[in-house]
Amino acid sequence: MNELSRREFLKLAAMTAVASAAGCATPAPAQPTAASQPTAAAPAAPAAPAVTAKPLITDVKEWHKSVCRFCGTGCGVELGVTDGQLVALRGDAKHPTTKGLVCAKALFLPKVVYSNDRLLKPQIRKDGKLVDATWDEAMKLVADKFADAIKTSGANSVAYYGSGQALAEESYLANRLFKGGIGTNNVEGNPRLCMASAVGGYVTTFGKDEPMGSYDDLDHAMVFFLVGSNTAEAHPVIFDRILERKSKNKDVKVILVDPRKNPVRRITDVYLDPIAGYDMWLYHAMAYTIIKENLHSPSFMDKHVLFRKVDVEGKTVDVTFDDYKTFLEDYAPDKVAAKCGVPAEKIIEAAKLFAKGPTMSLWTMGLNQRIVGVWSNNQMHNLHLLTGQIGKPGATPFSLTGQPNACGGVRDPGALAHILPYGRAVDNADHRKQIETLWGAKPGTIQATPGLFTVDMFKALGENKLKAILILTTNPGQSMPNLTVVRDALGKPRDGKPFVVVIDAFPTRTTELADVVLPAAMWSEKEGVFGMSERRYQFLPKIIKAPGEARSDFDILLDFAAKLEERGVVPSGYISSKFKTPEEVWSEMMEASRGTAYDFTGMTRARLKAERGVRWPVLEASHPGTSRRFVKGDDPLLDKGPFADDKLANGELKIYTGPKNRAVIWLRPAKGPAEPTDADYPYILTTGRILEHWHTATMTMKVTELRRAQPEAYVEIHPQDATKLGIKSGDMVKITSRRGNSTVKARVIDTPRPGMVFVPFHWYDEQSLINRVVVDAVDAASRQPEFKVSAVKLSKA
């Protein structure tokens, strides 16, 4: 194949919607022979081999309904199988919300499955090197190390770090094992790095997590407010839906808020480019304008809104609408324009358009990965509540999710250090009792205080306060901020170094640091449930066998639990006597949801297998699922259980999860980044994703077409800054912060603001590990790191 340029790849991406909807398929190579699949120790840095060249199979014998493995859009796909091999993927035209669309990355997933560097055997570290081992040898070592740590140093000496890519049953099982079996709340996952602030925003504004709208709103919105979201590259199918809506109605408008001119800029009607880290002033100025122009909705607020702030003593107090107006006086557009970097007239234009609506706000990491992430999420909700842009078609705040199961696998079932399944909290005695009863755990087993949050968890590893950690389906050795500290914590030889176990399908920058590596079955080789951004849970079938000796994460966790029971650190039978299959765990998950705001007791396994996902709440098998929460109408919540309200008429709203059945408009003072620029570090670094690759590129770098389209890391530098520094496109640039440095190739382009540089975080070669540079300051409420704003200096390498 000739090298595929990015322009050609973008054309391919644009054609994907047409091809997938038409039922076209991308064939995969035949599975390599066992001889061609290496089982040697993991390399010092994972290679990016081309997919093994084999004849392509185009004769598909059977198609299976499934879900894409990449982002949280949750695209329905169909997988083509011939003679036990996965040979093709196409969009599922019958899927109710993605409607046959998939992005270009998805079409290459069959090649990822058959990559020739899949992990095939367990490995243990001997004499400093990872070598092949049997499953019995590896699992005995893992269980012995964890049991010894628990017996000698207590339950809080061990930890679990999971993933928004694990299946829901896997995350739930791990959470159950560690919190209710071992008795530690040291349960975290990579959604802490991406969605924790969105969770904090929903919970503090509405009382519970997850959006109240759905993808249905894409077909009704007249204004799309995209904030810190490169939707065109990170969520291409959502972007295609916006394009379709805009093409059918010339009055549809798009507002983009981003300090970098990402590809969404091409369809934008109003573009706001705040200085990175100073956008809180912008959102307050929009709220000020809406009130000043009398574009707010007093009747909506009178029925559905409370106003609150945190006083000087740190107490939450109720205030009035007049107090809110007074608070906003300091944020008039002409007062904040210089601070946020956006002209006053642009702020006013955006505010008026937002209020006109119906407006659907969409955001991701640009808002979340900040030390003010929760507050900024509150501001998105404030704008909707202020204008009554909520609970009606096309009007909703909606956070987009970066991983396929961050919602349904981690957020909802409570697989983080401070929460329990389905809206419960570890610091609530009643909630702990409910879950201990359900799990059959001894009363008092679940601790009353949160465990270690992600950044603190890896710091504790480095300080030898944790003695053992299990890492499942994620790559913190590349993805964490202030990465040198994390890599030293995981792998630096020292007395008392913690024991590190990694479950994964591929060699990564984390497996190379592990003491034990366990080979995992991946998507299409195991069954389970993914939950995506619009509260839709979807079933993924097992359609092919895993290669070599790889096992599903679920079976590995069952084995681990049984061995801990044998060693007396988990009660006998706590896991082993209750579960043998993911379906049995799903049944308990349904029961855990009963009576909560997440209730999906009508979402049986059989129903999920038959249908293309169901959106919760869904309280009985005959209920179609819920398009919009809090609203009674054509797609109503059942008038029973926790949602009963016979007084509501169709179309009426009740914030049934909020305080006093109301949502909260918060008075949050504007706050800048943790690390502002100065004379020594005069540039702002922000990181993000691009179209061709996904997260740490463990999968996408396996595909020749994707790698050739974007083969190496780069830094975008504004021409003004490049001229000042004497840097030209193609020069190697050293990016240095107070934590470390990275060297990548310059791309002189006017997409970032002057004074700002942008680097995609996908590349894992040593000199391109940009997270060595990134600050690890966290939001005080959500504990999510501020990946988006780090102070750096630049020089030619």
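The values are calculated or read from the model by the stated rules, or taken from the named source; none is laboratory data. Treat the numbers as computed from the prediction; the structure is a model and nothing was measured. Positions of Cβ are backbone-derived with ideal geometry, glycine not excepted, and every protein chain shown enters the neighbour counts. Just the protein is used for accessible areas: all its heavy atoms, side chains included, with ligands, DNA and RNA removed. Shrake-Rupley method; radii C 1.70, N 1.55, O 1.52, S 1.80 Å.
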Toy charge model, Lys and Arg Cβ at +1, Asp and Glu Cβ at -1: the range 197-273 dipole around Cα centroid in debye, rounded to 20, equals 320 debye
Any lysines whose Cα falls less than 20 Å from that of K129, other than same-chain ones fewer than 8 residues away, would be K121, K140, K145, K492, K497
For the chain, shape from the Cα gyration tensor axes a ≥ b ≥ c, cut at a/c of 1.5 then a/b versus b/c, turns out rounded
Rounded to whole Å², per residue accessible area for the range 292-363 with a 1.4 Å probe reads 54 Å²
Taking 0.36 nm per residue of separation between T604 and E566 and subtracting their Cα-Cα distance, the length gained on full extension comes to 10.4 nm
The lysines whose Cα lies under 17 Å from the Cα of K433, excluding any fewer than 8 residues away in the same chain, are K179, K442
With +1 at each Lys and Arg Cβ and -1 at each Asp and Glu Cβ, the charge dipole magnitude of the chain around its Cα centre, to the nearest 20 debye, comes out at 700 debye
In terms of the charge dipole of the range 454-606, which places +1 on Lys and Arg and -1 on Asp and Glu at the beta carbon, the residue among P481, F579, L518 farthest towards the positive end is P481
The farthest towards the positive end of the charge dipole of the range 657-775, of the residues N661, T687, T751, given +1 on Cβ of Lys and Arg and -1 on Cβ of Asp and Glu, is N661
From highest to lowest solvent-accessible area (probe 1.4 Å; ligands, DNA and RNA excluded), H64, H718, H381 read H64, H718, H381
With a ≥ b ≥ c from the Cα gyration tensor eigenvalues, square-rooted, and the rule rounded for a/c under 1.5, otherwise prolate when a/b > b/c and oblate otherwise, the range 352-478 is prolate
Diffing the range 70-77: the Karplus 3J(HN,Hα) column from phi (6.51, -1.76, 1.60, θ = phi - 60°), in whole Hz with x for Gly and Pro, holds 8, 6, x, 4, x, 4, x, 10
The chain: antiparallel bridges as % of DSSP beta bridges, rounded to 5, reads 50 percent
Ranking V317, Q403, T626 by how far each Cα lies towards the positive end of the charge dipole of the chain (+1 on Lys and Arg Cβ, -1 on Asp and Glu Cβ), the top one is Q403
Over the range 692-788, with neighbouring protein chains present, the accessible area per residue in Å² at probe 1.4 Å is 32 Å²
Share of accessible surface on carbon and sulfur in the chain, whole %, 1.4 Å probe and ligands ignored, is 51 percent
Contour minus Cα-Cα span, T437 to M732, at 0.36 nm per residue, comes to 100.3 nm
Computed over the range 444-495, protein heavy atoms only, probe 1.4 angstrom, the accessible area per residue in square angstrom equals 34 Å²
Where a ≥ b ≥ c are root eigenvalues of the Cα gyration tensor, a/c under 1.5 meaning rounded, otherwise prolate if a/b exceeds b/c and oblate otherwise, the range 544-686 counts as oblate
R241 neighbourhood, Cβ < 13 Å, K/R = +1, D/E = -1, net charge -2
